[in-house]
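Written below as structure tokens is the structure these notes are about.
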Amino acid sequence: MRLDLNLLVVIEAIMLERNVTRAAASLSMSQPAVSNALRRARLLTRDQLFLKVADGVRPTSRMMAIWPELHRSLAVIRASIAPAHFDPRSDPTSFRIAVTDSLAGEAVSDISLRLHSMSPYARVAFSFHTNASSLEAIEHGTLDCAVGMFPSLPRDIHVKGLRTDRYVCVMRAEHALWKSMSLEQFVTAAHVLVTPSGMDLGVIDGWLSLHGRTRTIPVVVNHFVDALRIVAGSDLLTCVPRGFANGHARMLVTEHKLVVHELPFETESLIYKLVWHERLHTHPAHQWFRSLVAAVCGMPEETTANEVVTLQSQT
């Protein structure tokens with residue numbers, strides 16, 4: 001059977017949108033045309049591909065199995081025939097990005113607004129970030145780039161250092177440890193751990209292990225904002241990047257009368273990184289978009305230039 005690549009593009013759009021109507025809009029096609037293409041794709045694959053649900057469609061197991069290679073192959077084809085130049089003012093294109101939670105509060109809106117202003121025909125979609133899930137999505141071609149900390153990277157991933165930061169401890173102003181805190185008091189206290197992956201240990205716990213210490217963690221959450229709200233009403237402690245406490249969460253810190261305390265032990269600096277796959281490294285539109293992301297997520301004005309570590313490509 002002859003393969004119509006247009007069918008693959010339609011399947012890709014439905015998979016990304018999980019809704020036939022929205023997929024049609026993203027492709028500038030009518031809904032009947034997309035539905036007809038889906039019918040032909042079902043005949044080609046001998047599978048339903050998508051099943052109707054209350055808010056759209058969900059992929060079948062067969063669709064989930066073919067999706068990574070299908071999307072990656074289309075990305076390679078697009079990159080190979082992409083124009084040598086990209087005009088953000090007139091060229092339509094789509095970008096998919098994930099941003100770590102401690103930066104997402106400001107970065108998501110800033111990236112969206114700047115993109116809409118500079119490239120009115122472009123589209124951006126944001127995904128939930130963990131270091132592992134973002135790297136897997138970038139490898140499979142379902143994500144174009146991501147901003148996170150990424151302690152290790154595969155060889156086919158490019159990386160750019162954006163800014164540095166440090167963890168600090170946050171507690172309510174009436175907490176017994178707000179004036180001074182020893183390492184022993186820190187590990188004896190109960191903590192809220194923030195980890196998007198839901199794992200029971202975080203970066204802080206790795207550092208504590210170097211001192212032969214562990215801490216008590218009765219609560220694990222996915223978002224830093226949730227952790228701050230919890231410590232505001234309890235004697236629990238939490239650790240967040242200083243830039244988050246002084247930036248996006250500053251109003252919340254002030255409103256709940258939270259105090260920020262230095263950690264009572266030596267730690268390493270956090271390095272926020274922008275990462276992307278080799279296949280998009282020279283793509284003009286994605287080069288432009290990564291510059292936009294770097295401008296938004298780069299070091300704040302009050303940070304001196306020598307605090308940011310620029311990492312070399314690891315290809």
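Which pairs do you get when a residue that is under 12 Å from Leu38 (Cβ atoms), found in region 1-20, comes within reach of a residue that is modelled with pLDDT of 90 or more and assigned to a loop (DSSP other than H, G, I, E, B), reach meaning Cβ atoms under 9 angstrom, with the pair 6+ apart or on two chains?
If the second residue must be modelled with pLDDT of 90 or more and assigned to a loop (DSSP other than H, G, I, E, B), the pairs left are Val10/Met29; Ile11/Leu49; Ala13/Met29; Ile14/Leu49; Met15/Leu49.
Can you confirm whether region 77-88 contains a residue that is outside the structural domain of Ala285 (by TED's automatic domain parsing) and at pLDDT 90 or above?
Yes, that holds for at least one residue.
If Ile217 passes every condition in (1) in contact with a His (Cβ under 6 Å, 6 or more places away or on another chain); (2) more than 30 Å from Glu136 (Cα to Cα) but one, which one does it miss?
Every listed condition holds for Ile217 apart from (2).
For region 61-73, does any single residue satisfy the condition of being in contact with a strand residue (DSSP E or B) (Cβ under 6 Å, 6 or more places away or on another chain) and not assigned by TED's automatic domain parsing to the domain that holds Val124?
No: zero hits.
Restricting to region 102-124, name every residue that is of a type in the set (D, E, K, R) and part of a strand (DSSP E or B). Steps first, answer last, please.
The first filter runs over region 102-124 and keeps only residues of a type in the set (D, E, K, R), leaving 106, 110, 114, 123.
If the condition is that a residue be of a type in the set (D, E, K, R) and part of a strand (DSSP E or B), then Arg123 is the only one that fits.
Does region 87-101 include one or more residues that are part of a helix (DSSP H, G or I), more than 30 Å from Leu5 (Cα to Cα) and in contact with a His (Cβ under 9 Å, 6 or more places away or on another chain)? Explain how you work it out, then say what you get.
Taking region 87-101 first, the residues part of a helix (DSSP H, G or I) are 101.
Next, from what is left, pick out any that are more than 30 Å from Leu5 (Cα to Cα): 101.
With in contact with a His (Cβ under 9 Å, 6 or more places away or on another chain) added as a condition, the list becomes 101.
Yes, there is a match, as at least one residue in region 87-101 is part of a helix (DSSP H, G or I), more than 30 Å from Leu5 (Cα to Cα) and in contact with a His (Cβ under 9 Å, 6 or more places away or on another chain).
Of the conditions (1) among the hydroxyl-bearing types (Ser, Thr, Tyr); (2) touching a Pro at 6+ places or on another chain (Cβ under 9 Å); (3) over 25 Å from Val203 (Cα atoms); (4) surrounded by 18 or more Cβ atoms within 10 Å (Cβ to Cβ), Thr93 fails just one. Which one is it?
(2)
I need a count of the residues in region 159-195 that are of a type in the set (A, V, I, L, M) and either free of Cβ contacts under 8 Å to residues at least 24 places away in the same chain or within 30 Å of Gly298 (Cα to Cα) (or both).
Qualifying residue count, region 159-195: 8.
So, in region 60-76, of the ones that are more than 23 Å from the chain's Cα centre (by Cα) and in contact (Cβ under 8 Å) with a residue 12 or more places away in the chain, which residue ends up surrounded by the fewest Cβ atoms within 10 Å (Cβ to Cβ)?
Here is the first cut: in region 60-76, the ones more than 23 Å from the chain's Cα centre (by Cα) are 60-63, 65-66.
Pick out the ones that are also in contact (Cβ under 8 Å) with a residue 12 or more places away in the chain and you get 60, 62-63, 66.
Values: Thr60: 16, Arg62: 13, Met63: 21, Ile66: 17.
Applying the filter and picking the extreme gives Arg62.
The values are calculated or read from the model by the stated rules, or taken from the named source; none is laboratory data. Note that this is a predicted model, so its numbers are computed, not measured. Reconstructed Cβ throughout: ideal geometry from the backbone, glycine too, with neighbour counts over all protein chains shown.
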